[in-house]
Amino acid sequence: MTADLTFGSIPPFYREVYEIVCPNQEQVDRDLFVQLLVKSSLPKQTILQIWDLVGSQQGLMTRNGLYKALALTALAQQGKSVNDKLLETFSGQELPKPSLGDLSDLKASSLRLRRERTPNVLCFDYKDLCEIDSIKLELVPEKKGIILKHVEYEVTSKRHKATVLRRYNDFVALHELLTTRFPYRIIPRLPPKKVGASREFIEQRKKCLRRYLNIVARHPQMYDDKLVKFFLTFTGNDVQHKIKEQFKGIPDEFMTSDMASKAKDLVPLDTQQQLGTSKEHIRVVYESICKLKEIAEGMVIRSTTFATDMLQFGRQLSILSMDSTPITTWATGTSHTWERLQKGFRLLSVEFASLADKSTQAAVDEEDGLVEKLAFFQDLITAYRDLCERHEKGVLHEHQRAIQKMGQYKKKKLSSQNSETGAIDQLEQKILEQEGQIANMENRNYYSLHCLQMETQLINTHLDIFYEIISCMARVETSTNSDLSRIWASMQPAIATLSPSANNKGDLSPGGSPSIKFPGF
């Protein structure tokens, strides 16, 4: 096309569309382009005409081509005839915005298409993962049960717009089914069960279960599974038995995945070397995460301790301000110090309570924004390490054992060459069965390696959580220190009333400082 698009003429909507169909700076696929323009309600012939003007023979379109297509679509919606001269009049002007309706389903189609064409690329960024779902989990105030009391949790899924009640044993049932359904994926650990658990233990377990569900509900392969949806939406009773009954004998992911049959082709030749390097990198990250979590927990403790100290300090000043013990001139002489101090203490006790409130809020923000996010990443990496261990001790071990068993059958066959024909036939049948098992295990091994690559990418995608942690830390500390500084500053007039140079009544001048009277004035 003769008309070229300058950067300044592109409206924000064009960039939004490009981010949806090409989040990784790729070229636009023809099928996705057609799906996009179908939303314009233009005739198919017009859509194909636009493609002919801006697309390539390879079935792809550049960013500039997409922008031109959007402009032509908007003009076609205005009733103008599409041609390669139509945009020349827009030089230096902002291009028109087409009407395309809701684009949410287009984002899902774009993701699905990219995964099909690049199965070795996760195709999710951290923001995408967080947007899949957000799980809230709160304790139900009253413990249930007549004799043995049990705790219930209120679980709310943003994705499914559902709130359900769950017991700890329901989580156990879910966990058992998840490990059966997704043996080659990251499955976080469940917190332990404890009879007669303390309030603190229950609170920590609540946070751990919330992290558990968010990891599962945001996992690219698990979030849309019927098992996960059932747990997050089923409102009936006896959940742990119902979920086991509903998903009894559920096949694992390998048995249902379209990738299983071509797993060998999906695994790069240097996978083992790359996996070893990535595991070392993740180990370094994990160790730092653990140390950072300890530091963040120390910050929470310090904020909580400061809040407690300020509250106690204020209470002591309040106690002193309300002391009504009769004091005569026998003890004070001409001094009015105690009267002056009591008035100042009364004012200051309220301000110290404000300091305590601000510091308490800082502890809450540090706990939610720092400790919990670090704990989330810690749980995720721990689950990844468990997965690597399952791969090494599970699939690889089973594969090696099958090969060893095959060798034993062949050895028996060689030693039975002069034996009865029936015995040889039995051995040959066992060898055939074992060969089939080895082939299956080999495919599983490759599929497990492919999944490990995807789970490794999942860990690396979550590295963006560091930005959230540090930005939250800066925001909390800036806000808290600013609030504390403001309160300390506002306390200065009240503090000034405690000064020996203040008059007995503690009157303040209009400027905020005590008015001092000199003899003779």
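The values are calculated or read from the model by the stated rules, or taken from the named source; none is laboratory data. Just so it is clear, the model here is predicted, and its values are computed rather than measured. Cβ coordinates were reconstructed from backbone atoms using ideal geometry, including for glycine residues, and neighbour counts include every protein chain displayed. Side chains are part of the model used for accessible areas, which takes the heavy atoms of the whole protein and leaves out ligands, DNA and RNA. Shrake-Rupley method; radii C 1.70, N 1.55, O 1.52, S 1.80 Å.
Projecting the Cα atoms of Gly249, Phe231, Cys208 onto the charge dipole of the stretch 195-257, computed from C-beta unit charges around the Cα centre, puts Cys208 farthest toward the positive end.
Which value, in debye to the nearest 20, describes the size of the charge dipole of the stretch 240-303 about its Cα centre when Lys and Arg Cβ atoms bear +1, Asp and Glu Cβ atoms bear -1, and nothing else is charged?
In debye, rounded to 20, the stretch 240-303 gives about 260.
Of the residues Thr305, Leu292, Ser278, the one whose Cα sits farthest toward the positive end of the charge dipole of the stretch 272-312, with +1 on the Cβ of Lys and Arg and -1 on the Cβ of Asp and Glu, is Ser278.
Under 5 Å between amide hydrogens, built in the peptide plane, is the criterion, and for Ser134 it picks out Lys158, Arg159 among residues at least 5 positions away or on other chains. May I ask you to give the percent of accessible area on the stretch 63-198 that is carbon plus sulfur, with a probe radius of 1.4 Å? With neighbouring chains kept in place, the figure for the stretch 63-198 is 51 percent.
Accessible surface area normalised per residue over the stretch 308-374 is 58 Å², counting heavy atoms of protein chains with a 1.4 Å rolling probe.
Taking all protein chains together, Arg486, Arg166 sort by accessible area into Arg486, Arg166, largest first [probe 1.4 Å]. When each of the peptides 115-123, 176-184 is scored by the mean number of other C-beta atoms lying within 10 Å of its residues, the order from highest to lowest reads 176-184, 115-123. Backbone amide hydrogens, once placed in the peptide plane, bring Val140 within less than 5 Å of Glu152, Tyr153, Glu154, excluding anything fewer than 5 places away on its chain.
Residue by residue, the stretch 62-72 carries 3J(HN,Hα) couplings of 7, 4, 4, x, 5, 4, 5, 5, 5, 5, 5 Hz when phi is fed to the Karplus relation 6.51 cos²θ - 1.76 cosθ + 1.60 (θ = phi - 60°); x denotes Gly or Pro.
On a per residue basis, the stretch 44-145 carries 54 Å² of accessible surface, using protein heavy atoms and a 1.4 Å probe.
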